[in-house]
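Novice: Let me begin by handing over the structure; questions about it come next.
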Amino acid sequence: MGMINNYMRKNSKKTYLCRHKIKCMNSLFINPVTINGVIYFASDFHLGAPNAEESKEREKRVLDWLNCIEKDITHLFLLGDIFDFWFEYRDVVPKGYFNFLAKLYQLREKGVEIFYFTGNHDMWVKDYFEKELGFKIFRRQQAFMINGKRCLVGHGDGLGPKEYGYKLIKRLFAFRPHIKFYGMLHPFIAFSLARFLSRKSRAMAPEEDRDYLGDEKETLTQYVLSISQKESIDYFIYGHRHLPVKKELYNGAIYYNTGDWLSHDSYIRMDNNDIELLKK
Ligand SMILES: [Mn+2]
(Lines give C-alpha, C1' and ligand atoms only; values in the text may rest on other atoms or scores of the structure.)
Protein backbone atom coordinates (compact mmCIF):
# COMPACT_ATOMS: atom_id res chain seq x y z
CA MET A 1 0.00 0.00 0.00
CA GLY A 2 2.80 2.33 0.97
CA MET A 3 4.60 1.60 -2.27
CA ILE A 4 1.51 2.30 -4.32
CA ASN A 5 1.00 5.56 -2.50
CA ASN A 6 4.60 6.50 -3.11
CA TYR A 7 4.30 5.64 -6.77
CA MET A 8 1.16 7.69 -7.10
CA ARG A 9 2.73 10.59 -5.32
CA LYS A 10 5.75 10.50 -7.63
CA ASN A 11 3.56 10.21 -10.68
CA SER A 12 1.27 13.04 -9.78
CA LYS A 13 4.34 15.19 -9.16
CA LYS A 14 5.52 14.32 -12.67
CA THR A 15 2.26 15.36 -14.31
CA TYR A 16 2.33 18.55 -12.28
CA LEU A 17 5.85 19.33 -13.51
CA CYS A 18 4.84 18.57 -17.10
CA ARG A 19 1.85 20.81 -16.90
CA HIS A 20 3.96 23.52 -15.33
CA LYS A 21 6.51 23.28 -18.13
CA ILE A 22 3.85 23.50 -20.80
CA LYS A 23 2.40 26.53 -19.04
CA CYS A 24 5.82 28.21 -19.06
CA MET A 25 6.37 27.55 -22.74
CA ASN A 26 2.98 28.87 -23.77
CA SER A 27 2.37 32.47 -24.64
CA LEU A 28 1.13 34.77 -21.89
CA PHE A 29 -1.06 36.50 -24.42
CA ILE A 30 -3.93 34.03 -24.36
CA ASN A 31 -7.69 34.61 -24.48
CA PRO A 32 -7.38 38.40 -24.55
CA VAL A 33 -10.36 40.49 -23.47
CA THR A 34 -11.02 42.98 -26.27
CA ILE A 35 -12.09 46.49 -25.31
CA ASN A 36 -12.14 49.89 -26.99
CA GLY A 37 -12.62 53.34 -25.53
CA VAL A 38 -11.06 55.75 -23.05
CA ILE A 39 -9.39 53.67 -20.39
CA TYR A 40 -8.00 54.74 -17.02
CA PHE A 41 -5.68 52.66 -14.82
CA ALA A 42 -4.79 53.27 -11.16
CA SER A 43 -3.66 51.17 -8.21
CA ASP A 44 -2.47 51.13 -4.64
CA PHE A 45 -4.87 53.55 -2.96
CA HIS A 46 -4.36 51.54 0.26
CA LEU A 47 -7.61 52.91 1.67
CA GLY A 48 -7.79 52.37 5.41
CA ALA A 49 -4.08 53.01 5.99
CA PRO A 50 -2.34 54.25 8.02
CA ASN A 51 -5.32 55.66 9.98
CA ALA A 52 -8.89 56.77 9.38
CA GLU A 53 -7.99 60.45 9.00
CA GLU A 54 -5.26 60.12 6.40
CA SER A 55 -7.23 57.48 4.55
CA LYS A 56 -10.28 59.75 4.38
CA GLU A 57 -8.16 62.52 2.93
CA ARG A 58 -6.75 60.14 0.30
CA GLU A 59 -10.22 58.82 -0.48
CA LYS A 60 -11.26 62.41 -1.18
CA ARG A 61 -8.38 62.89 -3.62
CA VAL A 62 -9.42 59.69 -5.40
CA LEU A 63 -13.02 60.96 -5.55
CA ASP A 64 -11.91 64.29 -7.03
CA TRP A 65 -9.98 62.36 -9.64
CA LEU A 66 -12.96 60.12 -10.47
CA ASN A 67 -15.13 63.23 -10.81
CA CYS A 68 -12.57 64.70 -13.23
CA ILE A 69 -12.27 61.68 -15.48
CA GLU A 70 -15.99 61.01 -15.48
CA LYS A 71 -16.41 63.15 -18.61
CA ASP A 72 -14.76 60.66 -20.97
CA ILE A 73 -14.05 57.39 -19.15
CA THR A 74 -15.43 54.16 -20.62
CA HIS A 75 -13.37 51.59 -18.65
CA LEU A 76 -11.67 51.78 -15.25
CA PHE A 77 -8.89 49.40 -14.24
CA LEU A 78 -8.22 49.18 -10.52
CA LEU A 79 -4.92 47.33 -10.37
CA GLY A 80 -4.82 46.09 -6.80
CA ASP A 81 -4.18 47.19 -3.22
CA ILE A 82 -7.17 49.52 -3.47
CA PHE A 83 -7.83 48.65 0.17
CA ASP A 84 -5.03 48.24 2.66
CA PHE A 85 -6.99 45.33 4.07
CA TRP A 86 -10.20 43.74 2.96
CA PHE A 87 -11.87 40.63 4.31
CA GLU A 88 -15.35 39.44 3.41
CA TYR A 89 -17.26 37.18 5.77
CA ARG A 90 -20.21 35.18 4.58
CA ASP A 91 -22.65 37.78 5.93
CA VAL A 92 -20.49 40.82 6.70
CA VAL A 93 -18.24 43.24 4.80
CA PRO A 94 -15.86 45.89 6.24
CA LYS A 95 -17.25 49.28 7.25
CA GLY A 96 -16.36 52.52 5.52
CA TYR A 97 -15.42 53.69 2.01
CA PHE A 98 -19.05 54.53 1.28
CA ASN A 99 -18.33 57.64 -0.83
CA PHE A 100 -15.75 55.82 -2.89
CA LEU A 101 -17.99 52.82 -3.53
CA ALA A 102 -21.01 55.05 -4.23
CA LYS A 103 -18.98 56.91 -6.86
CA LEU A 104 -17.96 53.65 -8.49
CA TYR A 105 -21.58 52.57 -8.48
CA GLN A 106 -22.54 55.81 -10.16
CA LEU A 107 -19.93 55.22 -12.86
CA ARG A 108 -21.27 51.70 -13.35
CA GLU A 109 -24.79 53.11 -13.74
CA LYS A 110 -23.45 55.32 -16.53
CA GLY A 111 -22.13 52.22 -18.29
CA VAL A 112 -18.46 52.36 -17.24
CA GLU A 113 -16.88 48.90 -17.02
CA ILE A 114 -14.76 48.33 -13.92
CA PHE A 115 -12.00 45.73 -13.89
CA TYR A 116 -10.75 44.99 -10.39
CA PHE A 117 -7.47 43.14 -9.94
CA THR A 118 -6.82 41.85 -6.45
CA GLY A 119 -3.46 42.85 -4.98
CA ASN A 120 -1.48 41.36 -2.12
CA HIS A 121 -3.37 43.58 0.36
CA ASP A 122 -6.86 42.90 -0.95
CA MET A 123 -6.51 39.33 -2.21
CA TRP A 124 -9.45 38.37 0.00
CA VAL A 125 -11.95 40.31 -2.06
CA LYS A 126 -14.58 37.69 -2.85
CA ASP A 127 -17.83 38.27 -4.73
CA TYR A 128 -19.29 41.31 -2.96
CA PHE A 129 -18.06 43.88 -5.51
CA GLU A 130 -18.98 41.60 -8.34
CA LYS A 131 -22.51 41.07 -7.08
CA GLU A 132 -23.27 44.56 -5.77
CA LEU A 133 -21.35 46.75 -8.20
CA GLY A 134 -20.84 44.54 -11.24
CA PHE A 135 -17.03 44.70 -11.18
CA LYS A 136 -15.11 42.10 -13.13
CA ILE A 137 -12.65 40.56 -10.70
CA PHE A 138 -9.23 39.24 -11.76
CA ARG A 139 -6.90 37.32 -9.46
CA ARG A 140 -3.94 37.07 -11.79
CA GLN A 141 -2.62 38.99 -14.74
CA GLN A 142 -4.75 39.02 -17.85
CA ALA A 143 -4.21 39.69 -21.56
CA PHE A 144 -6.24 42.53 -23.07
CA MET A 145 -6.55 43.88 -26.58
CA ILE A 146 -7.12 47.56 -25.80
CA ASN A 147 -7.78 49.86 -28.74
CA GLY A 148 -5.88 47.37 -30.88
CA LYS A 149 -2.84 47.19 -28.55
CA ARG A 150 -1.67 43.95 -27.01
CA CYS A 151 -1.56 44.55 -23.25
CA LEU A 152 -0.67 42.42 -20.25
CA VAL A 153 -2.33 43.82 -17.14
CA GLY A 154 -2.12 42.87 -13.47
CA HIS A 155 -1.24 43.95 -9.97
CA GLY A 156 2.33 42.80 -10.52
CA ASP A 157 3.15 41.02 -7.25
CA GLY A 158 5.15 37.84 -7.26
CA LEU A 159 6.04 38.00 -10.96
CA GLY A 160 9.77 38.57 -10.56
CA PRO A 161 12.31 35.82 -11.21
CA LYS A 162 13.11 35.15 -7.54
CA GLU A 163 10.67 36.28 -4.84
CA TYR A 164 10.38 32.69 -3.54
CA GLY A 165 9.59 33.74 0.02
CA TYR A 166 6.92 36.09 -1.17
CA LYS A 167 5.35 33.46 -3.44
CA LEU A 168 5.23 31.03 -0.53
CA ILE A 169 3.48 33.54 1.74
CA LYS A 170 1.02 34.29 -1.03
CA ARG A 171 0.19 30.60 -1.36
CA LEU A 172 -0.29 30.26 2.39
CA PHE A 173 -2.67 33.24 2.37
CA ALA A 174 -4.61 31.86 -0.58
CA PHE A 175 -4.92 28.42 1.02
CA ARG A 176 -8.65 27.83 1.59
CA PRO A 177 -8.52 26.24 5.07
CA HIS A 178 -6.44 29.21 6.27
CA ILE A 179 -9.01 31.65 4.93
CA LYS A 180 -11.79 29.64 6.51
CA PHE A 181 -10.02 29.66 9.86
CA TYR A 182 -9.37 33.39 9.64
CA GLY A 183 -13.05 33.91 8.83
CA MET A 184 -13.97 32.24 12.10
CA LEU A 185 -12.08 34.84 14.15
CA HIS A 186 -14.14 37.67 15.55
CA PRO A 187 -13.74 40.72 13.26
CA PHE A 188 -12.30 42.70 16.18
CA ILE A 189 -9.43 40.23 16.41
CA ALA A 190 -9.11 39.63 12.67
CA PHE A 191 -8.92 43.34 11.82
CA SER A 192 -6.60 44.21 14.72
CA LEU A 193 -4.24 41.49 13.57
CA ALA A 194 -4.41 42.72 9.96
CA ARG A 195 -3.69 46.31 10.99
CA PHE A 196 -0.75 45.16 13.08
CA LEU A 197 0.74 43.11 10.24
CA SER A 198 0.15 45.86 7.70
CA ARG A 199 1.93 48.41 9.92
CA LYS A 200 4.79 45.99 10.34
CA SER A 201 5.18 45.37 6.61
CA ARG A 202 5.28 49.10 5.98
CA ALA A 203 7.82 49.66 8.71
CA MET A 204 9.97 46.95 7.18
CA ALA A 205 9.86 48.35 3.64
CA PRO A 206 13.31 49.73 2.89
CA GLU A 207 13.53 53.46 2.40
CA GLU A 208 15.65 53.28 -0.77
CA ASP A 209 12.72 51.53 -2.51
CA ARG A 210 11.21 54.95 -3.04
CA ASP A 211 13.44 55.57 -6.04
CA TYR A 212 13.96 53.39 -9.06
CA LEU A 213 16.69 50.93 -8.12
CA GLY A 214 18.00 50.33 -11.64
CA ASP A 215 16.87 47.66 -14.07
CA GLU A 216 18.91 44.85 -12.47
CA LYS A 217 17.40 45.34 -9.03
CA GLU A 218 13.80 45.95 -10.09
CA THR A 219 12.10 42.54 -10.14
CA LEU A 220 9.14 43.67 -12.25
CA THR A 221 11.47 45.27 -14.79
CA GLN A 222 13.47 42.06 -14.96
CA TYR A 223 10.26 40.16 -15.55
CA VAL A 224 8.93 42.37 -18.36
CA LEU A 225 12.35 42.56 -20.01
CA SER A 226 12.48 38.78 -20.25
CA ILE A 227 8.90 38.45 -21.53
CA SER A 228 9.29 41.19 -24.12
CA GLN A 229 12.24 39.32 -25.62
CA LYS A 230 10.11 36.25 -26.18
CA GLU A 231 6.74 37.56 -27.26
CA SER A 232 5.12 40.53 -28.82
CA ILE A 233 3.38 42.70 -26.26
CA ASP A 234 2.75 46.41 -26.72
CA TYR A 235 2.18 47.45 -23.12
CA PHE A 236 2.80 45.84 -19.76
CA ILE A 237 0.69 47.64 -17.17
CA TYR A 238 1.15 46.88 -13.47
CA GLY A 239 0.89 48.47 -10.04
CA HIS A 240 2.41 47.20 -6.78
CA ARG A 241 5.71 49.08 -7.13
CA HIS A 242 4.35 52.34 -5.64
CA LEU A 243 6.41 54.24 -8.17
CA PRO A 244 5.19 55.59 -11.53
CA VAL A 245 7.37 53.98 -14.21
CA LYS A 246 7.57 54.19 -17.99
CA LYS A 247 10.28 52.01 -19.42
CA GLU A 248 10.98 50.99 -22.99
CA LEU A 249 11.78 47.30 -23.43
CA TYR A 250 12.62 45.05 -26.38
CA ASN A 251 10.65 45.00 -29.64
CA GLY A 252 8.91 48.31 -29.00
CA ALA A 253 7.18 47.09 -25.84
CA ILE A 254 6.71 49.54 -22.97
CA TYR A 255 6.38 48.79 -19.26
CA TYR A 256 4.12 51.15 -17.35
CA ASN A 257 3.62 51.23 -13.62
CA THR A 258 0.60 53.08 -12.26
CA GLY A 259 2.50 54.20 -9.12
CA ASP A 260 0.34 54.81 -6.05
CA TRP A 261 -1.86 57.31 -4.21
CA LEU A 262 0.16 57.41 -0.99
CA SER A 263 2.75 59.73 -2.48
CA HIS A 264 2.22 60.09 -6.25
CA ASP A 265 -1.48 60.35 -7.16
CA SER A 266 -0.52 58.84 -10.49
CA TYR A 267 -2.54 57.06 -13.13
CA ILE A 268 -2.53 55.99 -16.76
CA ARG A 269 -4.89 57.18 -19.48
CA MET A 270 -5.23 55.39 -22.76
CA ASP A 271 -7.36 56.34 -25.74
CA ASN A 272 -7.35 55.55 -29.44
CA ASN A 273 -4.25 57.61 -30.17
CA ASP A 274 -2.17 57.63 -27.06
CA ILE A 275 -1.16 56.20 -23.72
CA GLU A 276 0.07 58.55 -21.01
CA LEU A 277 1.34 58.25 -17.47
CA LEU A 278 -0.13 61.20 -15.60
CA LYS A 279 -0.36 62.80 -12.17
CA LYS A 280 -3.48 64.30 -10.73
MN1 LIG B 1 0.63 48.21 -2.68
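Novice: Taking the range 145-160, which residues are within 11 Å of the chain's Cα centre (by Cα) and touching a residue at least 60 places away in the same chain (Cβ under 8 Å)? Let's see the steps before the verdict.
Specialist: From the range 145-160, those within 11 Å of the chain's Cα centre (by Cα) are 153-158; that's our starting set.
Correct list: 153, 154, 155, 156, 157.
Novice: Could you list all residues from the range 265-280 that are at negative phi and either within 14 Å of the ligand (Cβ to nearest atom) or not in a strand (DSSP E or B) (or both)?
Specialist: Initial filter on the range 265-280 (at negative phi): 266-280.
Result: 266, 271, 272, 273, 274, 280.
Novice: While we're looking at this one, here's another question. Given the options 173, 181, name the one that is among the aromatic types (Phe, Trp, Tyr), more than 16 Å from the ligand (Cβ to nearest atom) and part of a helix (DSSP H, G or I).
Specialist: Numbers: 173 fails: more than 16 Å from the ligand (Cβ to nearest atom).
Going through 173, 181 in turn, just one is among the aromatic types (Phe, Trp, Tyr), more than 16 Å from the ligand (Cβ to nearest atom) and part of a helix (DSSP H, G or I): 181.
Novice: Taking the range 38-53, which residues are closer than 15 Å to residue 264 by Cα and either of a type in the set (Ser, Thr, Tyr) or free of Cβ contacts under 8 Å to residues at least 40 places away in the same chain (or both)? Break it down into steps so the answer makes sense when it comes.
Specialist: As a first pass, look at the range 38-53 and keep what is closer than 15 Å to residue 264 by Cα: 41-47.
Once the filter is applied, which keeps residues that are closer than 15 Å to residue 264 by Cα and either of a type in the set (Ser, Thr, Tyr) or free of Cβ contacts under 8 Å to residues at least 40 places away in the same chain (or both), the range 38-53 yields only 43.
Novice: Determine if the range 102-117 includes at least one residue that is at pLDDT 95 or above and within 16 Å of the ligand (Cβ to nearest atom). Even if it seems obvious, please write down each step before you answer.
Specialist: Of the residues in the range 102-117, the ones at pLDDT 95 or above are 102-117.
Okay, now just the ones that are also within 16 Å of the ligand (Cβ to nearest atom), so 116-117.
The answer is yes, given that some residue of the range 102-117 is at pLDDT 95 or above and within 16 Å of the ligand (Cβ to nearest atom).
Novice: Please work out if residue 140 is within 29 Å of residue 105 (Cα to Cα), surrounded by fewer than 18 Cβ atoms within 10 Å (Cβ to Cβ), basic (Lys, Arg) and out of contact with any Asp or Glu (no Cβ under 8 Å at 6 or more places or on another chain). Working first, answer last.
Specialist: Details: within 29 Å of residue 105 (Cα to Cα): yes; surrounded by fewer than 18 Cβ atoms within 10 Å (Cβ to Cβ): yes; basic (Lys, Arg): yes; out of contact with any Asp or Glu (no Cβ under 8 Å at 6 or more places or on another chain): yes.
When the stated conditions are applied, residue 140 passes them.
Novice: Go through the residues of the range 205-214 one by one and say whether even a single one is of a type outside the set (S, T, N, Q) and touching a strand residue (DSSP E or B) at 6+ places or on another chain (Cβ under 9 Å). Give the derivation first.
Specialist: Kept after step one, since they are of a type outside the set (S, T, N, Q), are these residues of the range 205-214: 205-214.
Next cut, touching a strand residue (DSSP E or B) at 6+ places or on another chain (Cβ under 9 Å) only: 212.
Checked the range 205-214: at least one residue is of a type outside the set (S, T, N, Q) and touching a strand residue (DSSP E or B) at 6+ places or on another chain (Cβ under 9 Å).
Novice: Test each condition in (1) over 16 Å from residue 76 (Cβ atoms); (2) away from the ligand (no atom under 16 Å from the Cβ) for residue 124 and report the one that comes out false.
Specialist: (2) is the only condition that residue 124 fails.
Novice: If you check every pair at least six apart or on different chains, which have Cβ atoms under 7 Å apart with a residue in the range 66-92 that is among the hydroxyl-bearing types (Ser, Thr, Tyr) and modelled with pLDDT under 95 first and a residue that is within 16 Å of the ligand (Cβ to nearest atom) and assigned to a loop (DSSP other than H, G, I, E, B) second?
Specialist: Cβ pairs passing all conditions: none.
Novice: If I go through the range 56-65 residue by residue, how many of them are more than 17 Å from residue 107 (Cα to Cα) and in contact (Cβ under 8 Å) with a residue 40 or more places away in the chain? Spell out the reasoning first.
Specialist: Pass one, the range 56-65, residues more than 17 Å from residue 107 (Cα to Cα): 56-58.
Next, only the ones that are in contact (Cβ under 8 Å) with a residue 40 or more places away in the chain stay: 58.
The number of residues fulfilling the criteria is 1.
Novice: Scanning for something of a type in the set (Phe, Trp, Tyr) and more than 29 Å from residue 66 (Cβ to Cβ), does the range 252-266 turn up at least one residue? Full working, then the answer.
Specialist: Restricting attention to the range 252-266, the residues satisfying the condition of being of a type in the set (Phe, Trp, Tyr) are 255-256, 261.
Adding the requirement that they be more than 29 Å from residue 66 (Cβ to Cβ) leaves none.
Scanning the range 252-266 turns up no residue that is of a type in the set (Phe, Trp, Tyr) and more than 29 Å from residue 66 (Cβ to Cβ).
Novice: Has the range 96-110 got at least one residue that is closer than 27 Å to residue 30 by Cα and touching a residue at least 40 places away in the same chain (Cβ under 8 Å)?
Specialist: no
Residue-by-condition table, conditions (1) under 17 Å from the mean Cα position of the chain (by Cα); (2) within 13 Å of the ligand (Cβ to nearest atom); (3) assigned to a strand (DSSP E or B):
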residue	(1), (2), (3)
226	no, no, no
233	no, no, no
247	no, no, yes
251	no, no, no
260	yes, yes, no
263	no, yes, no
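Novice: Among the residues of the range 28-58, which ones are surrounded by 14 or more Cβ atoms within 10 Å (Cβ to Cβ) and within 16 Å of the ligand (Cβ to nearest atom)?
Specialist: 41, 42, 43, 44, 45, 46, 47, 48, 49, 50, 55, 58
Novice: Does any residue in the range 262-280 that is buried (at least 20 other Cβ atoms within 10 Å of the Cβ) come within less than 7 Å, Cβ to Cβ, of a residue that is of a type in the set (Gly, Ala, Ser) six or more places away or on a different chain, and which pairs are these?
Specialist: Going by the 7 Å Cβ cut-off, the qualifying pairs are 266/259; 267/42.
Novice: I'd like the full set of residues that are closer than 18 Å to residue 71 by Cα, aliphatic (A, V, I, L, M) and assigned to a helix (DSSP H, G or I), limited to the range 83-114.
Specialist: Here is the first cut: in the range 83-114, the ones closer than 18 Å to residue 71 by Cα are 100, 102-114.
Keeping just the survivors that are aliphatic (A, V, I, L, M) gives 102, 104, 107, 112, 114.
Within the range 83-114, 102, 104, 107 meet the criteria.
The values are calculated or read from the model by the stated rules, or taken from the named source; none is laboratory data. Keep in mind the model is a prediction, meaning the values are calculated, not measured. Methodologically, a virtual Cβ is constructed for each residue, glycine included, from the backbone with ideal geometry; neighbour enumeration extends over all protein chains shown.
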